[in-house]
Amino acid sequence: MELLLQQVLAGLATGAIYASMALAVVMIYQAIDHLNFAQGEMAMFSTFLAWQMLQWGWPYWAAFVVAVALSFLGGIAIERVLFKPIQNAPILSQLAAFIALYGILNSSAGEIWDFTIKSFPTPFGTTPLFGQGLISTHQAGMIAVTLVMLGLLYFFFRGSRLGLAMRAAATNPASARLVGIRVGWMIALGWGMSAAVGAVAGMLIAPVVFLEPNMMLGVLLYGFAGAVLGGLSSPGGAVAGGFAVGIIENLAGTFVPYVGRELKLTIALVLIVAVLMVKPSGVFGRAMVSRV
Amino acid sequence: MKRITRRSILAAAPGAVALAALPARAEKQYGPGVTDTEIKIGNTGPYSGPASSYGTIPKSMAAYYRMINEQGGVNGRKINFISYDDAYTPPKTVEQVRKLVEEDGVLLIAAPLGTPTNSAIHRYLNQKKVPQLFVSTGATKWNDPKHFPWTIGWQPNYQIEGHVYAAYILQHKSDGKVALLYQNDDFGKDYLKGVTDGLGDKAKSMIVLAAPYETTDPTVDSQIIAMKSAGADVFVNTGIPKFAAQAIRKAAEIEWKPLHILSSVGNSVGAALKPAGLVNAKDIVTDFYIKDPTDPQWKDDPGYQQWVAFMDKYYPEGDKTDAGNVYGPSNAATVVQVLKQCGDDLTRENVMSKAASLHDFTVPMLLPGIKINTNPTDFAPIKQIQMARFDGERWQLFGPVISGEVNG
Amino acid sequence: MTSPPKETAALEVALRRETEIGRSAKSLGMRQLAIGAAIVVALVVPFVVKNFVIFQLTLVMVYGLAILGLNLLTGFNGQFSLGHSAFYGIGAYTAAILMDQTDVAYYWTLPCAGALCFVVGFLFGLPALRLQGLYLALATFALATAMPQILKFEPLEPLTGGVQGIAILKPDPPPGVPLDADQWLYYFTLAVLLVMFAGAANLVKSRTGRAIMAIRDHPIAAAAMGINTALYKTLTFGVSAFYTGVAGALGALAIQFVAPDSFTFLLSVSLLVGLVVGGVGSIPGSLIGGVFVLFVPNIAERVSTGLSGAIYGIILLLVIFVMPSGAAGFVRFAAARLGPM
């Protein structure tokens, strides 16, 4: 029983990593309707930028804010330069473009900062919080920040004019144009915000997993799984999904006899697919209704 | 141009006869890729893809060969080191090695990196009789001269290390409960086998948890928690630096203080212990065969200073905290030694013959007392390691140099 | 006169496009000429180039076949798959295990690999019926991730060789044939490729093919017209897996080695890139995709070893910018502009 509790707590802690990534994934999905494979690499690159600033002696919060700002601008730039020209291309071509972006960012980061792991500081400290060190203050802070970001985004999309305009542009671009919304810039904004959320996620994740160019691949895939489980149309669902994936994976790895340890990722994914069988749009997602 | 007249031919005749009568000393034997001025050698490594952190190893080798060339080459011949990227995927390795052998025409393949990648070209190179020299992996299977006479390993293989750890455990905690962290691929499983075999009959009762991880796992926290919960008081940590460091840190966080044995793969002070927190690494035990470049105890050591000078001049962008950059040049130096010993007989057969007759050869960054030895039935050049304990600041070597013998 | 409802209009457009493909006799003749010329070149090449290049060309065909499998499912039937590395891996391992542990001749491994993959694909297609778009992507991604883990799984080691993999020998040419092993495998692969590409082309032109494409373009209308969507979708999954599985088996014979980490999700991504570059929904485009997948990483490496991933990405982006519908789309575009209509 105690081990169960410990693994659930630890799962929540790692789940926070996936949840913050899942949030960035859903953000961009809401803006452009597909998954950005390069999301993790963008977050990683942003974190390296912050790390570089810290190496130059900047204080933590300065580096943090500048990194987030640069990521926001970078996201917009990538959208304008890379994706606007191919926005009418088939979806699969756009997907391939994301894959290309992944390669560019990953390779460049490796060339610039090489592959040895680096520590990244945390503003929350790392003293054990409770549960005998199962969750540290940093991990608790990560959970808190993720929930705060989620809350902010929720209010932004529901409560502000800009948020409303973005949702309109994503759901029904033609009608949105008719009411004067600049759809192109809404998409760019979506990219920028998603990059910014990714940067925050990266800077929260790096202290736990250590900063190196390949740190985000696993995280992105788990985050994606969590987002799909929760429902791609629901940011809250995505965050919940992220936490769920962390817990499921830990429990599968610890308690499923014989196969659990070696196949825990498989088991987690199978469970998610099973859930999708019952709820094909994710647990909290809205069912997709297509008009005939 | 001198006119060739009958007189000049007659004048040259005695000289020609004299030349023909000279002993075969001046005769040169060349395999593919060799000329009077050049020796072509091939290599593959992960310059891209998930294992690209190891890409610095072939890069440092290239730098070393550059240095040798600037110093005059080997017996007057420059080394042309052709290295291709295989992204750590065996199908690509096969393609690149075939290119090296069939298109570039290299004399030998030096230090190809990775276990599955080397497995893929193992048979091909032996069939084609191309030396697969000093492979950059610690898998045990390369020490098999009877079946694969063209393949030879280099570093102490993982099973030897596993045996040494097991021996240490039996000596210091014979009633202990052992947990093991290993990467879920052949290098990790080789360590697992080494420890399990080394513990012999007691393995079943002593090993309470052997926990694998995948390189795509973000953390190994879950495994560490499970180990503490299983009551383990001995922890064999064979993770690569990222995961070794995570394990060290997590163990400290949950206040789990087992007898902690770290493998040579993850024991770099700069690359693993510092990120984990030096204070958390106190009392960890490990094994070494090369010097850790981040360990302050080597500051005044001439071998270390030579290495630093080499890095500064030939590979300045290389990370001096990365043990891979010690591995690369040391391995390359061994290749150079073999080529030197070949003299002018640079055929593939002679290369293997000389590779199989290294005697007490050392390179500057090997630990003092560790020597490279091979003979026709022993294709494990480095078999010795030495244990060390971390005192919170640096690794303190202790005990004798230990020799291990495990055959593939 | 009322305009026809939207879905019949879509079907009309599809039919029209297809009769355009039926085309004038002249352009049909040109197409056959081009294919004929390509086959002649393919037959002659092994006598002109070195063995190593023959090996590379064999792999190009293998990847082209694998991409064709993915194309059938994603390009023609609209079901998104990130999991084809699993089918490729199953095919490769089937061939390797049969050759390593039984006396089965190498050519029988292909139908075995294909049949097993068909079954797995079909069974996977059943639950996949409920999923669409990115949700289906996740399910196929789960399959791709599961495969290496299952292959490394310890209890299965006596069969799969575990993490060490399985090494096999390349088949020798039949006695009396004056070719070496590389050349023989090339021709064998070429023969299989031609048969299977022809099969795919026939499938696409048939009623079944039209049904499959109708499901992609307008699933509700297709169902309304009486097409058994569920049956066709799962059958397509099976056929697609069959194609990629056979490719995997051929790949295993060419490379002579299989190991679990050769068949990860990253292979699926490569196949997807090849699909896009060649042209989604184009059968000959699959082969161009194979060329891209094999050669562009080499080209990128030659430009810069350290930044090869970035160069690869840049080349890919250029291809997408210049040819958003892939090579096949580009050829269609150029032919329409230049050739006689």
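Hey, among the residues in region C:276-304 that are among the hydroxyl-bearing types (Ser, Thr, Tyr) and more than 10 Å from chain A (Cβ to nearest Cβ), which one's nearest to C:VAL60 (Cα to Cα)? Give the steps one after another, and end with the answer.
Taking region C:276-304 as the starting set, the residues that turn out to be among the hydroxyl-bearing types (Ser, Thr, Tyr) are C:282, C:286, C:304.
Still in the list and also more than 10 Å from chain A (Cβ to nearest Cβ): C:282, C:286.
On the way: C:SER282: 17, C:SER286: 10 Å.
Once the filter is applied, the top-ranked residue is C:SER286.
Looking at region C:290-331 only, could you name the residues that are closer than 16 Å to C:LEU266 by Cβ and touching a Gly at 6+ places or on another chain (Cβ under 6 Å)? Full working, then the answer.
To start, the set of residues in region C:290-331 that are closer than 16 Å to C:LEU266 by Cβ comprises C:292-294, C:296-297, C:300, C:308-309, C:312-313, C:316.
Residues satisfying the conditions are C:PHE292, C:VAL293, C:GLY309, C:TYR312, C:GLY313.
Is one or more of the residues making up region C:251-272 closer than 25 Å to C:LEU143 by Cβ, more than 19 Å from the chain's Cα centre (by Cα), part of a helix (DSSP H, G or I) and more than 8 Å from chain A (Cβ to nearest Cβ)?
yes
Taking interchain pairs and intrachain pairs at least six residues apart, which have beta carbon atoms under 7 angstrom, with the first residue in region B:105-131 and more than 9 Å from chain C (Cβ to nearest Cβ) and the second among the basic types (Lys, Arg) and surrounded by fewer than 24 Cβ atoms within 10 Å (Cβ to Cβ)?
Filtered contacts from region B:105-131: B:GLY105/B:LYS40; B:VAL106/B:LYS40; B:LEU107/B:LYS40; B:LEU107/B:ARG348; B:LEU108/B:ARG348; B:LYS129/B:ARG348; B:VAL130/B:ARG348; B:PRO131/B:ARG348.
A quick yes/no check of all residues on (1) crowded, with 19+ Cβ neighbours inside 10 Å; (2) β-branched (Val, Ile, Thr); (3) under 22 Å from B:VAL94 (Cα atoms); (4) touching a Phe, Trp or Tyr at 6+ places or on another chain (Cβ under 7 Å):
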position	(1), (2), (3), (4)
C:ALA95	yes, no, yes, no
C:THR109	yes, yes, yes, no
C:GLN164	yes, no, yes, no
C:PRO174	no, no, no, no
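Taking the stated definitions as given, is A:ALA196 surrounded by 16 or more Cβ atoms within 10 Å (Cβ to Cβ) and in a helix (DSSP H, G or I)? Even if it seems obvious, please write down each step before you answer.
Working: surrounded by 16 or more Cβ atoms within 10 Å (Cβ to Cβ): yes; in a helix (DSSP H, G or I): yes.
For A:ALA196, the condition - surrounded by 16 or more Cβ atoms within 10 Å (Cβ to Cβ) and in a helix (DSSP H, G or I) - is met.
Quick check on A:PHE124: is it in contact with a helix residue (DSSP H, G or I) (Cβ under 8 Å, 6 or more places away or on another chain), more than 7 Å from every other protein chain (Cβ to nearest Cβ) and not in a helix (DSSP H, G or I)? First the steps, then the outcome.
Numbers: in contact with a helix residue (DSSP H, G or I) (Cβ under 8 Å, 6 or more places away or on another chain): yes; more than 7 Å from every other protein chain (Cβ to nearest Cβ): yes; not in a helix (DSSP H, G or I): yes.
Considered against the rule, which asks whether it is in contact with a helix residue (DSSP H, G or I) (Cβ under 8 Å, 6 or more places away or on another chain), more than 7 Å from every other protein chain (Cβ to nearest Cβ) and not in a helix (DSSP H, G or I), A:PHE124 comes out as yes.
Checking the conditions here, which among A:ILE181, A:ILE187 is touching a residue at least 12 places away in the same chain (Cβ under 8 Å), outside any helix (DSSP H, G or I) and assigned by TED's automatic domain parsing to the domain that holds A:ALA62? Please lay out each step first, then the result.
Numbers: A:ILE187 fails: outside any helix (DSSP H, G or I).
Only one candidate qualifies: A:ILE181.
Limited to region B:58-100, what total is found for residues that are in a strand (DSSP E or B) and either closer than 18 Å to C:GLN256 by Cα or more than 9 Å from chain C (Cβ to nearest Cβ) (or both)?
Filtering region B:58-100 down to residues in a strand (DSSP E or B) leaves B:74, B:77-85.
Okay, now just the ones that are also either closer than 18 Å to C:GLN256 by Cα or more than 9 Å from chain C (Cβ to nearest Cβ) (or both), so B:74, B:77-82.
The number of residues fulfilling the criteria is 7.
Just wondering, is there one or more residues in region B:354-363 that are in a helix (DSSP H, G or I), more than 17 Å from B:GLN396 (Cβ to Cβ) and of a type in the set (A, V, I, L, M, F, W, C)? Full working, then the answer.
Narrowing region B:354-363 to residues in a helix (DSSP H, G or I): B:354-355.
Filter once more, keeping what is more than 17 Å from B:GLN396 (Cβ to Cβ): B:354-355.
Filter once more, so that each one left must be of a type in the set (A, V, I, L, M, F, W, C): B:355.
Yes: region B:354-363 contains one or more residues that are in a helix (DSSP H, G or I), more than 17 Å from B:GLN396 (Cβ to Cβ) and of a type in the set (A, V, I, L, M, F, W, C).
Output the qualifying pairs, or none if there are none: Cβ atoms under 7 angstrom, residues six or more apart or on different chains, first residue in region B:62-77 and basic (Lys, Arg), second residue assigned to a helix (DSSP H, G or I).
B:ARG66/B:TYR314
Which residue pairs have Cβ atoms under 6 Å apart, sit 6 or more places apart or on different chains, and have a first residue in region A:102-127 that is farther than 16 Å from C:SER304 by Cβ and a second that is among the charged types (D, E, K, R) and in a loop (DSSP other than H, G, I, E, B)?
Pairs found: A:PHE115/A:GLU212; A:THR116/B:ASP319; A:THR116/B:ASP322; A:ILE117/A:GLU212.
Within region B:274-311, how many residues turn out to be of a type outside the set (D, E, K, R), assigned to a helix (DSSP H, G or I) and either touching a residue at least 12 places away in the same chain (Cβ under 8 Å) or under 25 Å from B:ALA247 (Cα atoms) (or both)?
Start the filter on region B:274-311 by keeping residues that are of a type outside the set (D, E, K, R), which leaves B:275-281, B:284-286, B:288-290, B:293-294, B:296-298, B:302-311.
Keeping just the survivors that are assigned to a helix (DSSP H, G or I) gives B:275-276, B:278-281, B:296-298, B:302-311.
Cutting the leftovers down to either touching a residue at least 12 places away in the same chain (Cβ under 8 Å) or under 25 Å from B:ALA247 (Cα atoms) (or both) gives us B:275-276, B:278-281, B:296-297, B:302-304, B:306-308, B:310-311.
Counting residues in region B:274-311 that are of a type outside the set (D, E, K, R), assigned to a helix (DSSP H, G or I) and either touching a residue at least 12 places away in the same chain (Cβ under 8 Å) or under 25 Å from B:ALA247 (Cα atoms) (or both) gives 16.
Which condition number in (1) surrounded by fewer than 24 Cβ atoms within 10 Å (Cβ to Cβ); (2) modelled with pLDDT of 90 or more; (3) closer than 23 Å to B:THR374 by Cβ; (4) not acidic (Asp, Glu) is the one that B:GLY194 fails?
The number of the failed condition is (1).
Would you check which residues across region A:227-261 are in a helix (DSSP H, G or I) and either facing another protein chain (nearest Cβ under 7 Å) or of a type in the set (Ser, Thr, Tyr) (or both) and list them?
Within region A:227-261, A:VAL228, A:ASN250, A:GLY253, A:THR254, A:ARG261 qualify.
Is region A:262-280 home to any residue that is facing chain C (nearest Cβ under 10 Å) and touching a strand residue (DSSP E or B) at 6+ places or on another chain (Cβ under 8 Å)? Walk me through how you get there before you give the answer.
Looking only at region A:262-280, we keep the residues that are facing chain C (nearest Cβ under 10 Å), and these are A:262-274, A:276-280.
From what's left, touching a strand residue (DSSP E or B) at 6+ places or on another chain (Cβ under 8 Å): A:262.
Yes; the residues of region A:262-280 include at least one that is facing chain C (nearest Cβ under 10 Å) and touching a strand residue (DSSP E or B) at 6+ places or on another chain (Cβ under 8 Å).
All but one of (1) touching a residue at least 60 places away in the same chain (Cβ under 8 Å); (2) more than 14 Å from chain A (Cβ to nearest Cβ) hold for C:GLY125; state the number of the condition that does not hold.
The one condition C:GLY125 does not meet is (2).
Report, by residue number, each residue of region B:332-372 that is within 21 Å of B:GLU38 (Cβ to Cβ), in contact (Cβ under 8 Å) with a residue 40 or more places away in the chain and under 16 Å from the mean Cα position of the chain (by Cα).
Scanning region B:332-372 gives B:ALA332, B:ALA333, B:THR334, B:VAL335, B:VAL336, B:VAL338, B:ALA355.
Just checking, how many residues over region B:250-273 are assigned to a helix (DSSP H, G or I), at the interface with chain A (Cβ under 9 Å from one of its Cβ atoms) and crowded, with 23+ Cβ neighbours inside 10 Å? Walk me through how you get there before you give the answer.
Filtering region B:250-273 down to residues assigned to a helix (DSSP H, G or I) leaves B:250-253, B:264-266, B:269-273.
Filter again for at the interface with chain A (Cβ under 9 Å from one of its Cβ atoms), leaving B:250, B:252-253, B:270-272.
Subset that is crowded, with 23+ Cβ neighbours inside 10 Å: B:250, B:271-272.
Number satisfying all stated conditions: 3.
Restricting the search to region A:1-30, which residues are buried (at least 24 other Cβ atoms within 10 Å of the Cβ) and over 14 Å from the mean Cα position of the chain (by Cα)?
Across region A:1-30, the qualifying residues are A:GLN7, A:ALA10, A:GLY11, A:ALA13.
Condition test on B:ALA276, is it crowded, with 23+ Cβ neighbours inside 10 Å, in contact with a Leu (Cβ under 6 Å, 6 or more places away or on another chain) and within 14 Å of another protein chain (Cβ to nearest Cβ)?
On the way: crowded, with 23+ Cβ neighbours inside 10 Å: yes; in contact with a Leu (Cβ under 6 Å, 6 or more places away or on another chain): no; within 14 Å of another protein chain (Cβ to nearest Cβ): yes.
Here the answer is no, as B:ALA276 does not meet what is asked.
Can you tell me which of C:LEU194, C:LEU143, C:LEU169, C:LEU156 is touching a residue at least 12 places away in the same chain (Cβ under 8 Å) and more than 9 Å from every other protein chain (Cβ to nearest Cβ)? Break it down into steps so the answer makes sense when it comes.
Values: C:LEU143 fails: more than 9 Å from every other protein chain (Cβ to nearest Cβ); C:LEU169 fails: more than 9 Å from every other protein chain (Cβ to nearest Cβ); C:LEU156 fails: touching a residue at least 12 places away in the same chain (Cβ under 8 Å).
After ruling out the rest, the residue left standing is C:LEU194.
Scanning region B:176-203 for residues that are touching a strand residue (DSSP E or B) at 6+ places or on another chain (Cβ under 8 Å), in a helix (DSSP H, G or I) and not aliphatic (A, V, I, L, M), which turns out nearest to the other protein chains (Cβ to nearest Cβ)? Steps first, please.
Initial filter on region B:176-203 (touching a strand residue (DSSP E or B) at 6+ places or on another chain (Cβ under 8 Å)): B:176-184, B:188-189, B:191-192, B:195-196, B:199.
Then drop every residue that is not in a helix (DSSP H, G or I), which leaves B:188-189, B:191-192, B:195-196, B:199.
Pick out the ones that are also not aliphatic (A, V, I, L, M) and you get B:188-189, B:191, B:196.
Values: B:GLY188: 8, B:LYS189: 5, B:TYR191: 12, B:THR196: 12 Å.
Per the stated criteria, the residue is B:LYS189.
Among the residues of region A:136-149, are any buried (at least 20 other Cβ atoms within 10 Å of the Cβ), at the interface with another protein chain (Cβ under 10 Å from one of its Cβ atoms) and not in a helix (DSSP H, G or I)?
yes
If a residue has to be crowded, with 21+ Cβ neighbours inside 10 Å and of a type in the set (S, T, N, Q) to count, how many in region A:31-61 make the cut?
4
Name the single residue, out of those in region A:1-44 being in contact with a Ser or Thr (Cβ under 7 Å, 6 or more places away or on another chain) and hydroxyl-bearing (Ser, Thr, Tyr), that is nearest to the other protein chains (Cβ to nearest Cβ).
This residue is A:THR14.
Can you find a residue in region C:220-239 that is in contact with a Lys or Arg (Cβ under 7 Å, 6 or more places away or on another chain) and either within 14 Å of chain A (Cβ to nearest Cβ) or at negative phi (or both)? Walk me through how you get there before you give the answer.
The initial filter retains those residues of region C:220-239 that are in contact with a Lys or Arg (Cβ under 7 Å, 6 or more places away or on another chain), namely none.
The answer is no, given that none of the residues of region C:220-239 is in contact with a Lys or Arg (Cβ under 7 Å, 6 or more places away or on another chain) and either within 14 Å of chain A (Cβ to nearest Cβ) or at negative phi (or both).
The values are calculated or read from the model by the stated rules, or taken from the named source; none is laboratory data. What you see is a predicted model; the values in this text were computed from it and never measured. All Cβ positions, even for glycine, are placed from backbone atoms using ideal geometry, and neighbour counts span all protein chains on display.
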